[in-house]
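Data first, discussion second: the structure below is written as C-alpha cells.
What follows draws every value from the coordinates through simple rules; no lab data is involved. The model shown is predicted, which means the values in this text are computed figures rather than measured ones. Note: ideal-geometry Cβ built from the backbone for every residue, glycine included; neighbour counts use all protein chains shown.
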Amino acid sequence: MQLLQALCQIHAPSGNEALLTEYLLHYIQQRQQQWRIQPTVLAGGEFQDCIILVFGKPRTAVFAHLDSIGFTVRYGRELVRIGGPNAATGYQLVGRDAQGDIACTVVVDEDTKALSYDYHREIERGTELTFRCDFRETATTVQSCYLDNRLGVWNALRLCETLENGVVVFSCWEEHGGGSVAYLAKYIYEHYGVRQALISDITWVTEGVHPGQGVVISLRDSLIPRRSYVEGIRRIAEAADVPHQLEVEGSGGSDAKELQHGAQPWDWCFIGAPEDNVHTPDEIVDKRDIESMLALYQVLMREL
Amino acid sequence: MQLLQALCQIHAPSGNEALLTEYLLHYIQQRQQQWRIQPTVLAGGEFQDCIILVFGKPRTAVFAHLDSIGFTVRYGRELVRIGGPNAATGYQLVGRDAQGDIACTVVVDEDTKALSYDYHREIERGTELTFRCDFRETATTVQSCYLDNRLGVWNALRLCETLENGVVVFSCWEEHGGGSVAYLAKYIYEHYGVRQALISDITWVTEGVHPGQGVVISLRDSLIPRRSYVEGIRRIAEAADVPHQLEVEGSGGSDAKELQHGAQPWDWCFIGAPEDNVHTPDEIVDKRDIESMLALYQVLMREL
Amino acid sequence: MQLLQALCQIHAPSGNEALLTEYLLHYIQQRQQQWRIQPTVLAGGEFQDCIILVFGKPRTAVFAHLDSIGFTVRYGRELVRIGGPNAATGYQLVGRDAQGDIACTVVVDEDTKALSYDYHREIERGTELTFRCDFRETATTVQSCYLDNRLGVWNALRLCETLENGVVVFSCWEEHGGGSVAYLAKYIYEHYGVRQALISDITWVTEGVHPGQGVVISLRDSLIPRRSYVEGIRRIAEAADVPHQLEVEGSGGSDAKELQHGAQPWDWCFIGAPEDNVHTPDEIVDKRDIESMLALYQVLMREL
C-alpha cells in the first residue's frame, strides 16, 4: 500500500492535477519494464494533464480520475468548494502560496454554514487547499483522504502490470463538472475504435452495499448504462466467481457522465470498491473489496 | 391504432430499449416494400439500440425517442425513478426478473413521499418496472401509458410510408438524461450534411394548449430554438392550412437538448400532439391532434 | 462610445441574434480596411448567426457572445425569462409583433413573483421583449442595459483593429443554456489547431472585485480552468503592468462552459470588466476597467 499512500498525499485538486500527472509519468517510466506489455504513452500537449496508456489491441478502456475535491480561498478568509467535500470545523487543510507552505483548519459557521479557514496569516486569493493526508492502514482496512479516487488510480496502475489488451486513462476535473473525458473518449474511439468503458472509481457504503462483501458493480446512479452491457459484465463476474455486490442509486455520477453524453456510442459501467466517510479526510475501504476490484478488472479486460 | 397499441405495450425503459428496437426493425423489414421509398437502415453495433432510416436525399431529420419512464428496484422494496414518472399508490407495474414475470403496484409513503412496491415476493435488485398498459380508444381519443413517446414513434413510422427525402431517427435515453442523440446527430451531419431537425414527441395540455386544437409547434421550452428556423416552420404550417397551436414554455426538454448542445450547428423545432395526464398510466391525446401532427410532418418534410 | 451605444440598442435575445449579426458583418466590412490585418470572415450557413474572424496565424481565440437576456410572451399577459434577467415592476421593455412596435413595462406579482407585462393591447404569443436602452455616459462610467455582453463584443471589435494573429468569435445563446460554442470550438480546433481561449465577457462587482481597479482575471466561477493556463495569463498581465483584479467565485458561467465540456482540449480564462446592477437595465461599468480590459487583450493576444 506504499504506492496508494504516496498517491493520496499528492496535491491534485480539480484543475491542477499536474503534480500527480508528473508522478504517474515517472512511475510508468520506471515500472513498465516489469509489466507484461509496454504501453504506448499519450500525454502532454493536447492531452492537457491527462494520460492515456494503450496496451496491445484494445477493446475496452478503463477510466480513473486523478483529481480530488478541495477548497479555493476566496476573499478575506472565505473558502469555496472544489467539487463536493464534506466540511466540518477542525478539518486540517494544506496548500501553498507565494508566502510558503500552509497548514490551516476549516471553520464552518454554525448558522450560515459559510466556510472559512483559521490560520495565523491571510492566504492569497485563489489558493487551493486540500485535506491533510493522514494515511492509516490496518490488517483489514485502509483509511485516508482521497481514496476517492487514488484507489481507482492505484487499481488502474496495478492492472497495468498484467494487461495485454486495453486502454488505461487517467482523467482530470471529474470532481468538479468534468472536462477531459469528452475529448479523451473521442480520441480513443477515433484512433482505436474502442467504445467499451469501465469506470475505476470509488462508491458509497449504503444500506444495500456493505464493506467486505466485494467490489461494487453499479447498475445505475444518476445515469443509467445500457442494460445489455452491464448484464454481460455481471455474467463474467459470476462465471469468474469474483465477490461482488450490485448497486442501484438514483443520484451520484462519475466520468461516465461524459461518456454517456458525448458524441461517441460508449457503453460504460461503474465498478469500484465502496467506501465509508465519503468525501471526508477519513475515507475508509475494506481491503477485501480492493482485492476483488483488481481481480474483477483483470478478468473483465481479458473477457469483455 | 393497432400499431400504436402494440408499441405502448413493449417494455423499453431508458437504457433497455432493445425489445422495442427489435420490434421496429422487424416492422420496418415487413412494411418497407409498401413505402414510397425504401430507406437505408442503420442499426446495431455503433448505433447501440438506436435506428436511423435514410430516405432519398435528406434535408431534414425527424427524431423520435423509443424509451419510456419507469422505475428501478433498489434495496428491499424501494423504487428509484427512471426519468420523471408520476407516482401514486396503486399504479400497476410490470416487469420480469430471474424468478419470472412480475405484476405489482406502487406505494407512495404519505409522509416521506418515498416510493416502494407491493408484491408477494421480493423483486431482484436492479429490476426495471414499467406501467402496465391499459390501452383505451374512443371515437375521439386514445389513452394509455407511454403515448409519450410511442405516439411520436408511431408518427415517424406513418411518415415513412410516403417520405421521399429525409432521415428518421429512433433514439434512446431521452427520458433519463439523454445519451444517444449526440452521436446520432454527429453521424447524420457528417454523412449526410443534414442539420435541420424536427422533434417528434408529445407535449402538455396547459392553459394555452388545448386538446383538439391541432398539433403543437413549440416556440421554446427550457431551451430556445433559432427563431428564423421556427418562423419558417410556422409559415409552412399556415400556408398548408394544417391546424396547429403555438406553445411557449419556460421548462421541459426533449431530444433537442442534445442537438442544441452538440458540436454540430443543428436547427430544431419540437412539433407534437399535446397530452393530458402527463407521465401517468393514463396519458390521453385527441385524435384530431394526432392527425394534424402527421399532416404537418408530411408537408414539412417536403417543403423545409 | 458611439459603437457601444449602437450595440446596446440592437434587439438580439438568445436564439434571435440575427439583427446584431447583420450589424457586425456590415461593420466589419466597412472597417476592416483600417485594421492592421484583414481577417478571413466565416459566417452564415453552418455558422448559424455566429461569426468567426481569423487573423494571421492564430494561437488564441477570443469568444464574445452576441445574445442578451430578455423575456418571451407566454399566454395571456404572462412573461417567461430568456436567460436570467432581473425583473422589477416598471422596467421598460421593447419588441415587435405583427401588429407593430411595442413599448410596455414589466409587472412582478408581489406574492407569487409571477411576471407579466402592462400594455394597452395583448402582445402575440412568443414575442420576445428586451430592455429599452437608456444609454448613459459620464466622464468615468458607461451605463445601459446589455453592457453584458455588448461591451465584450465592443472589446473584441476594438481588439481587431491591431490584431495580427488570433481568432475572434461572436457566439450565440450564451445567456440561455448555450448552443453555439460547441461547434465553433470544434471548427476552430480542427481547422486552425487553436485551443487557447479568452472569454471576453462582463463579470460582477462583489466584495472582492471593485469598479475602477482594473479588468478582472477570473480564477474560477462555477467551473475551474486549468491552473497552469491561468497562471501564465497572470504572469503576462503582471509583466505588462496592466491594472487587474483576481476573481474567485463558486457560481456563474460563460461561454467557457462549452469549451470545458466539449470534445477538444481547450484552455480558457474569463477576462472582463466588472459591472454593477447586473442583468438590469442599469448595468454600469467604470471606464478605467474597459481601458484595462482592451489593453490586457492586446498584450495577451501577442504573448500567449
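What is the antiparallel percent of DSSP beta bridges lying wholly in the protein assembly as shown, to the nearest 5?
65
Run down the aspartates and glutamates and flag those whose C-alpha is under 15 Å from the C-alpha of residue A:113, throwing out any fewer than 8 positions away in its chain.
Reachable aspartates and glutamates: A:78.
Enter the Cα centre distance for the pair region B:246-260 and region C:256-286, rounded to the nearest angstrom.
So the two Cα centres are separated by 24 Å.
Rounded to the nearest 0.05, what FRET efficiency do residue A:29 and residue A:101 have when you use their Cβ-Cβ distance and R0 = 45 Å?
Computed FRET efficiency for residue A:29 and residue A:101: 0.95.
Every other copy gets compared here: list the nm distances from the residue C:251 label point (7 Å along Cα to Cβ) to its counterparts, shortest first, one decimal.
1.8, 1.8
Given N residues in region B:6-130, what is its alpha carbon radius of gyration divided by 2.2 N^0.38 Å?
1.33
Going from the alpha-carbon gyration tensor of the protein assembly as shown, what semi-axes, largest first and in whole Å, does one get by taking the root of 5 times each eigenvalue?
The three semi-axes for the protein assembly as shown are 40, 40, 26 Å.
Among DSSP bridges having both ends in chain C, what percentage is antiparallel? Round to the nearest 5.
The antiparallel proportion sits near 65 percent.
Using a label point 7 Å beyond Cα on the Cα-Cβ vector, give me the inter-copy distances for residue C:1 in nanometres, one decimal, shortest first.
6.4, 6.4
List the residue from chain B whose beta-carbon is nearest to the axis that rotates chain B onto chain C, together with that distance in whole Å.
B:263, 4
Please compute the contact order of region C:70-131 in relative form: average sequence separation of alpha-carbon pairs under 8 Å and at least six residues apart, divided by the residue count, as a percent.
42
What lysines sit close enough to residue C:257 to cross-link, taking a C-alpha to C-alpha distance under 19 Å and skipping anything fewer than 8 places away on the same chain?
A:186, A:257, B:257, C:186
Under a cut-off of 15 Å between alpha-carbon atoms, report the aspartates and glutamates in cross-link reach of residue B:57, not counting same-chain residues fewer than 8 places apart.
B:164, B:190, B:303
So what is the relative contact order for chain C, in percent, with contacts set as C-alpha pairs under 8 Å and at least six apart?
22
Using Cα centres only, tell me the gap between region C:49-111 and region C:130-188 in whole Å.
14
For region A:132-190, what relative contact order do you get, as a whole percent, if you take Cα pairs closer than 8 Å and at least 6 residues apart?
Across region A:132-190, relative contact order equals 15 percent.
How many nm separate the modelled label positions at residue B:3 and residue C:124, each set 7 Å beyond the Cα in the direction of the Cβ?
That separation, rounded to one decimal, is 3.5 nm.
In nm, what does the list of distances from residue C:108 to its counterparts in the other copies look like, shortest first, when each label sits 7 Å along Cα to Cβ?
Those separations, rounded to one decimal, come out as 3.3, 3.3 nm.
Taking 7 Å along the Cα-to-C-beta vector as the label spot, tell me the residue C:291-residue B:191 distance in nanometres, rounded to one decimal.
A separation of 5.9 nm, rounded to one decimal place.
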